[in-house]
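Have a look at the structure below before the remarks.
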Amino acid sequence: MSNGTFDGYGGRHVPEPLLEPLEQLAGAYDDIATDDEFQTDLRGLLEAFAGRPTPLYHASNLSERYDAEIYLKREDLLHGGAHKINNALGQALLAKRAGRDRLIAETGAGQHGTATAMVGALLDLETEIYMGKKDVERQEMNVFRMRLMGAEVNEVTRGGEGLADAVDAALEDFAKNVDDTHYLVGSVVGPDPFPRMVRDFQSVIGEEAREQIRERTGELPDAAVACVGGGSNAIGLFHAFREDDVAFYGAEGGGDGADSSKHAAPLANGTDDVIHGMKTRVIDNDVDVHSVSAGLDYPGVGPEHAMFRAVGRCEYQGVTDEEALAAFRELSETEGIIPALESSHAIARAIQLAEDGEHETILVNLSGRGDKDMETAASKFEL
Amino acid sequence: MTPEPTAPAFDSDVEAAIRENHPALITYITAGDPSLEDTKAYVEALDRGGSDLIELGLPFSEPIAEGPTIQGAINRALEAGTTPAGFFDLIDDLETDAPLLVMTYYNMILQFGNSEAPCASNSNSEAPRASNSDAASLRNEPTVGPFVERAAEAGLSGIIVPDLPAEEADPLRTACDEHGIDLVFIVAPTTEGERLDRIMSQVSGFAYVQARLGTTGARANVSTATHESLSRLSDYDVPKAVGFGVSEGDHAAEIIEAGADGVIVGSALVDIIADHGAGGAPAADALESKVRELKRGAVRGGDATTDEEQPEPEHP
């Protein structure tokens, strides 16, 4: 990999004023993150603060129903309820070491903003979260959580008042305040070094899972499955298995379906293009980006996934809103685990694979818990 | 001197417009804000008021280089249904003295290529079923050629792409050369050394000097970073125009006095358009008089420097 690209995807497609700060950040990352002391400190926080390692759980009821061995990597049990904390801790620690005293982040549903607020409080960094006004209104509980932990939540009223506008506002802040501010990007997206940096911080998921499943079964799984929005939990799971004979499956937000004009599946149904500072797969401009889960509701995807797709290393497919909701309900009923709607896409895909019968042992990243989705569930299932 | 018209004094219309009208005023508005019909009237007003070059923004939904003012304009233009096809139809219709440039994001250029290319655009109905072991390349390389070709055909003289770093610009540079169009790059206060050299080796028409860090938007005063940037660029031959934060004639004067060949004004004009809501003649008149004020300021700044520097001779 050179110049921050993944076989031509990625790069730094940003306005000129951001190039120098990104160069500095890449330098700081290369220097600091490889340092033993940094790694020891991060490891300590991941264990004591975030709750690592997370269990690998054999979903025996689901396995029996579909005649396959389905294992769940329980990232939903982490502090904050999702894998987001792995990355937030890594970047915040890096920012602290690099002498920054302020964190900013964008957030859609508020999960990444909450993770950023947690690490900001922990490491005593001033924290400002950009969140579209529409999302602020829809996700009141997360706004309260962020404020309670001392973060300033900045309502973004420009544009469509959503995640994309929050990204724009955060980039604007970053460009103006590069000297004291770290932009804590929430997924494996954006300009280099973010995609590789976030991947490295999330790779702990797959590293643990690889050891755990070998201890448990004596071998590697046949398939690894994860949902893909920006793609950080998926890369985090896949990375440790990339040289192994393990098939990868990415479940994108299929929305109303692959052929509809409402989905969030740029890998399965998009084109090569540039967005948010990276060359990657992007949904066409005439498609409305849509998924029932806020975390998958994104028009682009991490550039490393675009590369995996191009070389045939991973198969990506949209899982529709309907399929994801069915899996959400099924895992709740069979295993007593309520998955996040995002992770439900991965569960749905794993069930399809089990039904196909091609793979015996299937490892699924249960990237988050579903508590945040209760209102959606209540309205869909008339609970 | 031959009696018949010969090759122009400058390779490019854009460079000529700046050199021959020194100190030059470059104006920006977003196409389609609030409608393409209004844009036509506004561009004509900018031209009448004395703009030497006019930049038109082709709206893209993720404009990461813009501040709230121009983002607002872009959103209004998108809500009005502005598309690349409609944009080019507008350019086809426009007749201005000032050469026109398009300012847009790389996404728009690539998507135009995708939709024009014979087999690049597809919904990949088979691709997602490819198995993991299938190593066949599923890449569909987008191309920049169709956009540049259409731009040249419509009569545009230049392209500015804020999210295209010089490192990635070879394909667009080549296409622009093929069609005789300028490719303008932005130079930031933080741009220096190797990156500055690389940008200056790719740039044509003029160098867009960003006056300060951050995104576009009208500000209260002119930054000292402008002076530093201009002195860093003094060894390069291409004209230098300063933008980001210029809203008044006095700013324009100060910037020209600092050694710039031109000033670029966007947000202050977009504000006028936003204030007039639905558009119409009052907005066009207000734009025209603002442009006159800015041009007067630029000329004033130019007069202040004439003692040291002889301006370019006027061409008829």
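List of remarks:
- The residue list A:THR116, A:THR34 contains one member that is surrounded by fewer than 15 Cβ atoms within 10 Å (Cβ to Cβ), assigned by TED's automatic domain parsing to the domain that holds A:ASP179 and among the β-branched types (Val, Ile, Thr), which is A:THR34.
- Restricting A:GLY277, A:GLY312, A:GLY300 to those that are under 28 Å from B:GLY81 (Cβ atoms), among the small types (Gly, Ala, Ser) and facing chain B (nearest Cβ under 8 Å) reduces the list to A:GLY277.
- Residues that are in contact with a Phe, Trp or Tyr (Cβ under 9 Å, 6 or more places away or on another chain) and either surrounded by fewer than 24 Cβ atoms within 10 Å (Cβ to Cβ) or modelled with pLDDT under 95 (or both) within the stretch B:16-29 comprise B:ALA16, B:ARG19, B:GLU20, listed in sequence order.
- Elements of type helices (runs of 4 or more DSSP H) in the stretch A:1-94, at least 3 residues being within 14 Å of another protein chain (Cβ to nearest Cβ) and over 22 Å from the mean Cα position of the chain (by Cα): A:16-32
Yes or no, residue by residue, for (1) more than 10 Å from chain A (Cβ to nearest Cβ); (2) touching a His at 6+ places or on another chain (Cβ under 7 Å); (3) among the hydroxyl-bearing types (Ser, Thr, Tyr):
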{"position": "B:LEU36", "(1), (2), (3)": "yes, no, no"}
{"position": "B:GLY50", "(1), (2), (3)": "yes, no, no"}
{"position": "B:LEU56", "(1), (2), (3)": "yes, no, no"}
{"position": "B:PRO59", "(1), (2), (3)": "yes, no, no"}
{"position": "B:GLU62", "(1), (2), (3)": "no, yes, no"}
{"position": "B:PRO68", "(1), (2), (3)": "no, no, no"}
{"position": "B:ILE74", "(1), (2), (3)": "no, no, no"}
{"position": "B:ASP89", "(1), (2), (3)": "yes, no, no"}
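- Residue that is more than 12 Å from every other protein chain (Cβ to nearest Cβ) and touching a Phe, Trp or Tyr at 6+ places or on another chain (Cβ under 8 Å), where the choices are A:MET149, A:MET197: A:MET197
- For the stretch B:30-53, the set of residues classified as among the hydrophobic types (A, V, I, L, M, F, W, C) and either surrounded by fewer than 20 Cβ atoms within 10 Å (Cβ to Cβ) or at pLDDT below 95 (or both) consists of B:LEU36, B:ALA41, listed by residue number.
- Test: A:GLY255 is surrounded by fewer than 19 Cβ atoms within 10 Å (Cβ to Cβ), on the phi > 0 side of the Ramachandran plot and not assigned by TED's automatic domain parsing to the domain that holds A:GLY99: no
- Test result for A:GLU47, free of Cβ contacts under 8 Å to residues at least 60 places away in the same chain, acidic (Asp, Glu) and open to solvent by 10 Å² or more (accessible area, probe 1.4 Å): yes
- Any helices (runs of 4 or more DSSP H) falling wholly within the stretch A:300-383 and containing at least 2 residues that are crowded, with 21+ Cβ neighbours inside 10 Å: A:303-310, A:321-335, A:341-356
- Residue count for the stretch B:137-187, restricted to those that are part of a loop (DSSP other than H, G, I, E, B), within 14 Å of chain A (Cβ to nearest Cβ) and open to solvent by 30 Å² or more (accessible area, probe 1.4 Å): 5
- The set of residues in the stretch A:256-269 that are more than 7 Å from chain B (Cβ to nearest Cβ), assigned to a loop (DSSP other than H, G, I, E, B) and in contact (Cβ under 8 Å) with a residue 24 or more places away in the chain comprises A:ASP256, A:GLY257, A:ALA258, A:SER261, A:ALA265, A:PRO266, A:LEU267.
- Residue list for the stretch B:55-77, filter: modelled with pLDDT under 95 and in a loop (DSSP other than H, G, I, E, B): B:PHE60, B:SER61, B:GLU62, B:PRO63, B:ILE64, B:ALA65, B:GLU66, B:GLY67
- Some residue of the stretch A:162-181 being away from chain B (no Cβ under 14 Å), crowded, with 21+ Cβ neighbours inside 10 Å and in contact (Cβ under 8 Å) with a residue 24 or more places away in the chain: no
- Of the residues making up the stretch B:30-54, those that are aliphatic (A, V, I, L, M) and part of a helix (DSSP H, G or I) number 5.
- Each residue in the stretch B:78-113 was checked for being in a helix (DSSP H, G or I), small (Gly, Ala, Ser) and either within 15 Å of B:THR30 (Cβ to Cβ) or touching a Leu at 6+ places or on another chain (Cβ under 7 Å) (or both), and 1 of them qualify.
- Of all residues in the stretch A:237-255, those being more than 27 Å from A:GLU322 (Cβ to Cβ) and touching a residue at least 24 places away in the same chain (Cβ under 8 Å) number 7.
- Filtering the stretch A:127-160 to residues that are of a type in the set (S, T, N, Q) and in contact with a Ser or Thr (Cβ under 8 Å, 6 or more places away or on another chain) leaves A:THR127, A:ASN142.
The values are calculated or read from the model by the stated rules, or taken from the named source; none is laboratory data. From a predicted model like this one, the values you see are computed outputs, not experimental measurements. Quick reminder, even Gly has a Cβ in these numbers, built from the backbone with ideal geometry, and neighbours come from all protein chains shown. With ligands, DNA and RNA removed, areas are computed over all heavy atoms of the protein, side chains included. Shrake-Rupley method; radii C 1.70, N 1.55, O 1.52, S 1.80 Å.
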